[in-house]
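Below is one structure, written out as C-alpha cells; comments come after it.
Read-outs throughout are calculated quantities, based only on the coordinates presented, and are distinct from any laboratory measurement. Predicted, not measured: the structure shown is a model, and the values here were computed from it. Using ideal geometry, Cβ is built from the backbone for each residue, glycine included, and neighbour counts are taken over all protein chains shown.
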Amino acid sequence: MLPMASFDVVSPETVEDAVRALAAPGARLLAGGTDLLPTLKRRLTAPSRLVSLHRVAELREVRVDEEARMVRIGAGMTLARLIREPAVATRFPSLAHALGTVASPQIRNSATLGGNVHLDTRCRYVDQSAFWRESLGGCLKSDGDTCHVVPKGKRCVAALSADSVPVLVALGASLRLVSAEGERIVPLEEYYSSDGVRHIGAAPGELCTEVQVPMANGLRRTAYVKWRPRASIDFPLVSVALRFDLQDGEDGEGGGAIAAAHVVAGALAAKPRRIRIPEAVIGRRVDEAEVATMVADAAFAQCKPLPNLPYDPDYRRKLTRVLTRRAMANLLRPPAERPR
C-alpha cells in the first residue's frame, strides 16, 4: 500500500462556505476523489487541508434554462447520475456516451463532472510512486528540472485524458467559477493551457460550480470515440469528439448539408486539440464517404502524439485517423447503437 500524508478535512454545506474554506493556505478541493486520492498516495501533491464538497447540495443539480438556451449542470453531479439524466442524455448524447465509457461503474458512481473537467494531466514518467520517480531524478511535474519526453523542453507535456473535455469543447461549453471576489464565466476551450504542470485556468480560491452547455438551435449530429487497452479501467490514449451542425434536410432527419463542423482531439497534450476542418466539407452531406475521408485526414495531419503516454506515438497517430472515421460513421447511428 501507498500511505497518504496527514491532512485536515472540512465539509462545508454551501458554496459560500466552501469558497471560504478553500482560501486557507494549502487547501485543495475534494469531490469524488477518484483522481486526487491516488495523486496523494503517489506524493504528487501534499495539501494541508481537503475541502470536501459532498454536502454542498446545490452542486448536484441539473437545470434546463430555456431563456438562455443552455443546460446548467452542477459540477458535483456524478458521472453515473448524468448518464441517466434525461436533460443530458436527450440533448447531448455524445456527452452521456463519453461519461458512460469512463473507467468502471464503481468509479463513475463516485467521480463528478467537475472533477473530470479538472482531471490532472498524466505522463508515463510522473504517474508512478515517489520511489520510482526518485530513480529518474524527478521531472518538471515532480521535483525535477528535466522533461523525459522532450529532454530539451522547458514545458511539461503531460497529457489531459479527461473524456468529458473534448466533447464539452466541441459543444461550446463554459464553466461558472465562484470565488470571494465574485464569479466569472469561462469558455471551456480557453480554460486550459499547454503547460502540463499548470494546465487549469482557475485562479487561487476559485470553485467551479456548474458546467453550462448550449442547446442546439437546429439539427445536430455528435459522436465521441476513444481507444484504451482495457475498456474497464484505462484512461483514453486517443480520443475524438465530433459535432456537426446541419441545414434542414428534405427528409427532416438531419440529412441536409453541413453548416458547421467541430472536431476536437484529446489525450495528446495538456489541452484539447481543435482540428481545422477543410472548407470543402461545409455544404456537403454528412453521410458522404469523401467527407469522412477529408475529416479523418485532417485529424491525422494535425495530431502528432508524443511518447508521454503508453504505446507507440506513431501507432496512436494512425489511430487518430481510424477513430475519426469511426466517429463519422457513428454520426449516422442512433446513440443506443453506438459501440462503447
(message) Output the 0 to 90 degree angle, nearest 10, between the alpha-carbon long axis of helix 289-302 and the longest principal axis computed from the alpha carbons of the chain.
(response) 30
(request) Return the FRET efficiency for the residue pair residue 143, residue 84: r is the Cβ-Cβ distance, R0 is 45 Å, and the value is rounded to the nearest 0.05. (result) 0.60
(request) Among (1) 1.07; (2) 0.97; (3) 0.99, find the value of Rg/Rh (Cα atoms, Kirkwood Rh) that was calculated from the structure presented, and write down its label. (result) (2)
(message) On a straight-distance basis, which lysines could pair with residue 141 in a cross-link, Cα separation under 22 angstrom, same-chain partners fewer than 8 positions away excluded?
(response) 41, 152, 154, 271, 304
(message) At 222 nm, what value in deg cm²/dmol follows for the chain if DSSP H runs of at least 4 each add -39500 (n - 2.57) and the sum is divided by all its residues, to the nearest 500?
(response) -7000 deg cm²/dmol
(request) Please turn the phi angles of region 45-62 into ³J(HN,Hα) values with the Karplus equation 6.51 cos²θ - 1.76 cosθ + 1.60 (θ = phi - 60°), one per residue in order, whole Hz, x for glycine and proline. (result) 8, 9, x, 8, 8, 10, 9, 6, 9, 5, 9, 8, 5, 5, 7, 10, 10, 10
(message) Apply the Karplus curve 6.51 cos²θ - 1.76 cosθ + 1.60, θ = phi - 60°, to the phi angles in region 314-322 and return the couplings in whole Hz, x for Gly and Pro.
(response) 5, 5, 5, 5, 4, 5, 4, 5, 4
(request) Compute the signed sum of charges (Lys and Arg +1, Asp and Glu -1) over the other residues within less than 11 Å, Cβ to Cβ, of residue 212. (result) +2
